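The values are calculated or read from the model by the stated rules, or taken from the named source; none is laboratory data. Just so it is clear, the model here is predicted, and its values are computed rather than measured. Here the Cβ positions follow ideal geometry from the backbone for every residue, glycine too, while neighbour counts run over all protein chains shown.
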Amino acid sequence: MSQDWDVIIIGAGTAGMPAAIFAAERNAKVLVLDAAPEVGGTLHLSSGQMSAAGTRLQKEKGIEDTPEMHIEDIMRISKNTADRDIAGLAVDNAAETLDWLEAINFKPLPDHPVKGQAHEPYSVLRYVWGADLGKSILAVLKPPFEEAIASGKVTLKLNTRVTALTQDDNGSVTGVAAQSDSGASESYSATSVVIAAGGYVANGAMYKELSGHPAYGDHSYPYCTGDGLNLGLTAGGTAWGHENYLTSFGVVMQSYDVPAKVRCRQIHWPERRMPWEIYVNAHGERFIREDEPSVDVREHTIQEQPELRHWIVFDSTTLKEAPQLFADFGPDDIKAAAEKGEPMFYVADTIAALAEKAGLPADALTETINTFNTGQASGQDALGRQNMPRPITDGPFYAIRSQAFSVSSTVGLKVNTDLQVIREDGTPIAGLYGAGEALGQGAMMGSSFCGGMLVTPALTFGRMLGQRLLPLGATAQAAE
């Protein structure tokens, strides 16, 4: 293993596997290192949502779409906070990526593409995923990746963590130092090194430092510890995206621990279920019209609330008569959890007693509910809410605490349009490239969630690096 390599790829996930597959097609000698015991990275947990414009699937269904329309949607949704050059690079090459995935047997759901799911919708139908979510993508990536290994062009070393990048006197990256789980250390040299090691969501201290908030949700790939970002910064790179932190609107956690596992996800999308309940913050005050139609507005508004959380408040009649609040957790489940005093669920005969159990100020919550009931009776809500089926009047009363959190890394390594990691002055670090979540979601989506703009750019940039952007060494050149 002391031999030289054309390419060393750090990470065998969404970006690393395509990079290796296509570099091998160019006869490169590739070494892939991953700290995990298996390939796939965050595809094991990801929803696998992808977006691309001008795909074969769109054309077959008569959908007119272009990369120009796609990037304009991204800039609109992100309010011009996404990096147009890097997001544009991903968008310009995304259709080729999805067409390739379909060619190697990826199957989108039958009714796809769609305009959106969970986040602000696109203007046209361009959003797809498979029946098994991220694992649908992993299932089609593994055969060509394993074929590249079998050919001898790709060597895979799992359970191996890259601890440092090696550099020459000019600062060019010349290889890596790594350590296996057994404790054995080794150094490998290469013409090019690709950082595709994912984000930092599983590193609580790093997450809080970069986002300003704790990592509330324990829903991350355990090997996303920020190694890639740290390696790039130590080599002289710079980071971007700090200002773009964003979370989902909220879920119900299993415990008060930080981080905690998700217990159930509320249906807070008015297009799926109009709210009967009200939402209050830690001050016992409503902070948004609960039927606000914009997902983006809801996601930004929750960020202004203390500890990124809110309480869903309603009465016993709403519990019985309203459409189900959770897809897989019914009224009887809510009632039982609250009566047992399980975390996040509260019930009491009076509003004041409910506030005490939920940790809310009683006077403020009482006033909030009285004000809502007055508005409901008159049809004129103070926050402009339109859907108000009934007041909150019939005890016992309920509250459920909902926590906003993010499962992706906002901050990442800054790269140029050749995907070279760059210094603060904009000059590239020779021999060092980046792709995937190591680049951060802030570059691709800015301060908003744009559907499919994490998985698709990771696949696309990995493919592009392997296919044409990586300069290969003498081994590959001789083979060609």
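A few comments on the model shown:
- Scanning segment 16-25 turns up no residue that is in contact (Cβ under 8 Å) with a residue 24 or more places away in the chain, closer than 22 Å to LEU231 by Cβ and not in a helix (DSSP H, G or I).
- ALA355 in contact with a Leu (Cβ under 8 Å, 6 or more places away or on another chain), part of a helix (DSSP H, G or I) and surrounded by 13 or more Cβ atoms within 10 Å (Cβ to Cβ): yes
- Candidate set: segment 130-178, residues that are part of a helix (DSSP H, G or I) and touching a Ser or Thr at 6+ places or on another chain (Cβ under 8 Å); chosen: the one surrounded by the fewest Cβ atoms within 10 Å (Cβ to Cβ): ILE149
- Of all residues in segment 359-368, those being crowded, with 23+ Cβ neighbours inside 10 Å and aliphatic (A, V, I, L, M) number 2.
- LEU43 closer than 16 Å to ARG463 by Cβ, in the same structural domain as VAL455 (by TED's automatic domain parsing) and under 20 Å from the mean Cα position of the chain (by Cα): yes
- At least 1 residues being within 12 Å of the chain's Cα centre (by Cα) is the threshold, and among the helices (runs of 4 or more DSSP H) wholly inside segment 388-480 those reaching it are 441-445, 455-464.
- Residues within segment 134-169 that are of a type outside the set (Phe, Trp, Tyr), within 20 Å of TRP5 (Cβ to Cβ) and touching a residue at least 60 places away in the same chain (Cβ under 8 Å), tallied: 16
- Selection status of THR371, in contact with an Asp or Glu (Cβ under 7 Å, 6 or more places away or on another chain), in a helix (DSSP H, G or I), surrounded by fewer than 21 Cβ atoms within 10 Å (Cβ to Cβ) and of a type in the set (Val, Ile, Thr): no
- Every pair of residues 6+ apart whose Cβ atoms lie under 6 Å, when the first sits in segment 315-326 and is in contact (Cβ under 8 Å) with a residue 12 or more places away in the chain while the second is among the aromatic types (Phe, Trp, Tyr): ASP315/PHE397; THR318/TRP276; ALA322/TRP276
- Checking each residue in segment 51-62 for being out of contact with any Pro (no Cβ under 7 Å at 6 or more places or on another chain) and either surrounded by fewer than 18 Cβ atoms within 10 Å (Cβ to Cβ) or in a loop (DSSP other than H, G, I, E, B) (or both) picks out ALA52, THR55, ARG56, LYS59, GLU60, LYS61, GLY62.
- Checking ASP85 against (1) within 21 Å of the chain's Cα centre (by Cα); (2) surrounded by fewer than 16 Cβ atoms within 10 Å (Cβ to Cβ); (3) outside any helix (DSSP H, G or I), the condition it does not meet: (3)
- Screening the candidates ILE334, ILE351 for the property of being under 18 Å from SER255 (Cβ atoms) and of a type in the set (Val, Ile, Thr) yields one hit, ILE334.
- Cβ-Cβ distances below 6 Å connect the following pairs, each with a first residue in segment 84-111 that is among the hydrophobic types (A, V, I, L, M, F, W, C), a second residue that is not in a helix (DSSP H, G or I), and a separation of six or more residues or different chains: LEU89/THR417; ALA94/ALA52; ALA95/ALA52; ALA95/GLY54; ALA95/THR55; LEU98/ALA52; LEU98/THR55.
- Residue among ASP363, ASP291 that alone is acidic (Asp, Glu), more than 30 Å from ILE77 (Cα to Cα) and out of contact with any helix residue (DSSP H, G or I) (no Cβ under 8 Å at 6 or more places or on another chain): ASP363
- Being within 20 Å of PRO275 (Cβ to Cβ), of a type in the set (Val, Ile, Thr) and within 31 Å of the chain's Cα centre (by Cα) is a condition met by at least one residue of segment 333-351.
- Strands (runs of 3 or more DSSP E) fully within segment 183-286 counting 1 or more residues that are over 24 Å from the mean Cα position of the chain (by Cα) and under 28 Å from PRO457 (Cα atoms): 185-195
- Segment 188-205 residues that are outside the structural domain of GLY440 (by TED's automatic domain parsing) and buried (at least 24 other Cβ atoms within 10 Å of the Cβ), paired with ones that are of a type in the set (S, T, N, Q) and modelled with pLDDT under 95 (beta carbon under 7 Å, 6 or more apart): none
- Any hit, segment 178-194, residues being under 26 Å from ASP296 (Cβ atoms) and small (Gly, Ala, Ser): no
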